[in-house]
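Data block below; observations after.
The values are calculated or read from the model by the stated rules, or taken from the named source; none is laboratory data. The model shown is predicted, which means the values in this text are computed figures rather than measured ones. Every residue, glycine among them, receives a Cβ derived from its backbone with ideal geometry; neighbour counts consider all protein chains shown.
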Amino acid sequence: MMGETRKKDFVEEKWPDLRVLRLIERMGAQAHPKQKRVLCMNKVDLIEKKKDLLKVAKEFKDLPGYERYFMISGLKGSGVKDLTQYLMEQLKDLGMKIQSL
């Protein structure tokens with residue numbers, strides 16, 4: 001679980017709401033060993049400074065229970081291709097056939 005100092009830093013620096021952080025932590029901690037979980041951070045285009053985005057990503061990447069994390073912007077499309085490719089690979093690994101629309 002994130003230390004109290006780190007949680008305090010998130011609040012002071014206007015990072016995600018503590019309720020969101022707790023939910024993400026709880027969901028990761030409750031992950032079934034055979035269940036893959038992915039954390040998607042959307043709206044990254046709203047972060048003005050890239051170093052701030054990397055700081056948030058660093059905090060989330062070590063959370064237990066998540067296989068991967070993705071930073072995406074639906075508006076600009078950044079990161080969406082990587083997420084889609086990852087999901088397609090997971091479906092392929094399960095033996096499902098993907099039909100193009």
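Looking for something of a type in the set (Val, Ile, Thr) and surrounded by 13 or more Cβ atoms within 10 Å (Cβ to Cβ) - is there at least one such residue anywhere in region 81-90?
There is no residue in region 81-90 that is of a type in the set (Val, Ile, Thr) and surrounded by 13 or more Cβ atoms within 10 Å (Cβ to Cβ).
Cβ contacts < 9 Å: first residue touching a residue at least 40 places away in the same chain (Cβ under 8 Å), restricted to region 35-47; second residue in a helix (DSSP H, G or I), any location; separation 6+ or different chain. Result?
Final answer for the pair search is 36/90; 38/83; 38/86; 38/87; 38/90; 40/83.
How many residues are in a helix (DSSP H, G or I) and not hydrophobic (A, V, I, L, M, F, W, C) when one looks only at region 55-71?
Residues meeting the conditions: 4.
Please state which one of 6, 68 is modelled with pLDDT of 80 or more and charged (D, E, K, R).
Only one candidate passes the filter, namely 68.
Show the residue pairs that are 6+ apart or on different chains and have beta-carbon atoms under 7 Å apart, the first residue being within region 7-26 and on the phi < 0 side of the Ramachandran plot, the second being basic (Lys, Arg) and at pLDDT below 60.
Matching pairs, first to second residue: 18/7; 21/7.
List every residue pair whose Cβ atoms sit under 7 Å apart, with the two residues 6 or more apart in sequence or on different chains, where the first one lies in region 76-94 and is acidic (Asp, Glu) and the second, anywhere, is modelled with pLDDT of 90 or more.
Note: pairs meeting the criteria are 82/70.
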